[in-house]
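**Q** First, the structure itself, so that you have it in front of you.
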Amino acid sequence: CGTTGGLATVAVRMPSDEIARAVIRSGGGYIAAPSANTSGRPSPTLAAHVKEDMDGKIPLILDGGPVQIGLESTIVDLTEEIPVILRPGYITLEMIKGVLGEVKMDQGLLSEDPLVHPRAPGMKYRHYAPRADLKVVEGPAKDVAAYINRRAADRKTGIICTEETRHCYACGMIKCVGTRTDERSVAEHLYEVLRAFDEEGVEAIYSESFDSPGLGQAIMNRLLKAAGHQRIDASKEKS
């Protein structure tokens, strides 16, 4: 159960990082290991994040520098005739289609029905979450900024935005995760920003949404999980 999550299948992955590969080679075999963070918390992207969660629980932390991607790996089920993406990640649906042809997304990831469960363990409940309550705000950029500015005026609030909209926010603790023209930068910094808000002790966090295809799908998946699927349509919240 420790390596299969209670399922009849097992996930196999190989890191791209050369230091991680060297550790695997030095062991002379395979490694079964949990993630280097407390369950439910944002994944670590720096060695300091691992120390924050695991200090005193493990004998050693090997610092390989900041991660280059930031999001967890894509999970693909190859046990069916048509491959199924169980968890979106840096390797996008479009990339996989370019190699395998027809690929589909697990319907449990797309459905907002709480009774429809994703097939991969832990993909529906609140996960990758900061300590403060997080909400994802959707709609036209002007409406999103107006809604967040109103909510940030009277309490210590964290705001997740991009370079394109940073200037739209008048108050709150503003953290820019990157630019929409290069969503790799957003993926790289998302968890780092969530952990920074924890360190600052914010009372609430509001994030812009990322609904574009490709990597935006994985970014939005992690944001919604961190927010417990709390979504706000700013165009309907004018006051």
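**Q** Can you tell me how many residues in region 165-219 are of a type outside the set (Gly, Ala, Ser), part of a helix (DSSP H, G or I) and free of Cβ contacts under 8 Å to residues at least 60 places away in the same chain?
**A** Initially, region 165-219 is screened for residues of a type outside the set (Gly, Ala, Ser), giving 165-169, 171, 173-177, 179-184, 186, 188-195, 197-200, 202-203, 205-206, 208, 210-211, 213, 215, 217, 219.
So of that shortlist, the ones also part of a helix (DSSP H, G or I) come out as 166-168, 183-184, 186, 188-195, 197-200, 215, 217, 219.
Cutting the leftovers down to free of Cβ contacts under 8 Å to residues at least 60 places away in the same chain gives us 166-168, 183, 186, 193, 199-200.
The number of residues fulfilling the criteria is 8.
**Q** Next question. Listed residues ILE91, ILE31; which is surrounded by 11 or more Cβ atoms within 10 Å (Cβ to Cβ) and not aromatic (Phe, Trp, Tyr)? Steps first, answer last, please.
**A** Values: ILE31 fails: surrounded by 11 or more Cβ atoms within 10 Å (Cβ to Cβ).
The unique qualifying residue is ILE91.
**Q** Do you know which residues across region 54-100 are small (Gly, Ala, Ser) and farther than 15 Å from ALA218 by Cβ? Talk me through it step by step, then tell me what you get.
**A** Just the residues of region 54-100 that are small (Gly, Ala, Ser), to begin with: 56, 64-65, 70, 73, 89, 98.
If the condition is that a residue be small (Gly, Ala, Ser) and farther than 15 Å from ALA218 by Cβ, then GLY56, GLY64, GLY65, GLY98 are the ones that fit.
**Q** Scan region 139-149 and tell me whether some residue there is farther than 29 Å from THR92 by Cα, without any contact (Cβ under 8 Å) to a residue 24 or more places away in the chain and out of contact with any Asp or Glu (no Cβ under 7 Å at 6 or more places or on another chain).
**A** Yes: region 139-149 contains one or more residues that are farther than 29 Å from THR92 by Cα, without any contact (Cβ under 8 Å) to a residue 24 or more places away in the chain and out of contact with any Asp or Glu (no Cβ under 7 Å at 6 or more places or on another chain).
**Q** Here is a follow-up. Could you check region 167-196 and list, in sequence order, the residues that are over 20 Å from PRO130 (Cβ atoms) and out of contact with any Lys or Arg (no Cβ under 9 Å at 6 or more places or on another chain)?
**A** Taking region 167-196 as the starting set, the residues that turn out to be over 20 Å from PRO130 (Cβ atoms) are 167-168, 170, 179-184.
If the condition is that a residue be over 20 Å from PRO130 (Cβ atoms) and out of contact with any Lys or Arg (no Cβ under 9 Å at 6 or more places or on another chain), then HIS167, ALA170, THR179, ARG180, THR181, ASP182, GLU183, ARG184 are the ones that fit.
**Q** I'm trying to understand the selection: among the residues of region 197-227, which are among the small types (Gly, Ala, Ser), touching a Lys or Arg at 6+ places or on another chain (Cβ under 8 Å) and surrounded by fewer than 16 Cβ atoms within 10 Å (Cβ to Cβ)?
**A** Of everything in region 197-227, those that are among the small types (Gly, Ala, Ser), touching a Lys or Arg at 6+ places or on another chain (Cβ under 8 Å) and surrounded by fewer than 16 Cβ atoms within 10 Å (Cβ to Cβ) turn out to be GLY201, SER212.
**Q** Next up: All but one of (1) modelled with pLDDT under 95; (2) in contact with a strand residue (DSSP E or B) (Cβ under 8 Å, 6 or more places away or on another chain); (3) outside any loop (DSSP other than H, G, I, E, B) hold for ILE148; which doesn't?
**A** Here ILE148 meets the rest and fails (1).
Here is a yes/no grid of residues against (1) touching a strand residue (DSSP E or B) at 6+ places or on another chain (Cβ under 7 Å); (2) at pLDDT below 95; (3) not assigned by TED's automatic domain parsing to the domain that holds LEU93:
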site: VAL137; (1), (2), (3): yes, no, yes
site: GLU183; (1), (2), (3): no, yes, yes
site: LEU223; (1), (2), (3): yes, yes, yes
site: ALA227; (1), (2), (3): yes, yes, yes
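**Q** Here's something else I'd like to know. Can you confirm whether region 49-69 contains a residue that is in contact with a His (Cβ under 6 Å, 6 or more places away or on another chain) and either exposed (fewer than 13 other Cβ atoms within 10 Å of the Cβ) or over 23 Å from GLU188 (Cβ atoms) (or both)? So that I can check it myself, show each step before the final result.
**A** Initially, region 49-69 is screened for residues in contact with a His (Cβ under 6 Å, 6 or more places away or on another chain), giving none.
Checking region 49-69: not a single residue is in contact with a His (Cβ under 6 Å, 6 or more places away or on another chain) and either exposed (fewer than 13 other Cβ atoms within 10 Å of the Cβ) or over 23 Å from GLU188 (Cβ atoms) (or both).
The values are calculated or read from the model by the stated rules, or taken from the named source; none is laboratory data. Because the structure is predicted, anything quoted here is derived from the model rather than measured. Virtual Cβ from ideal backbone geometry, glycine too; neighbours counted across all protein chains shown.
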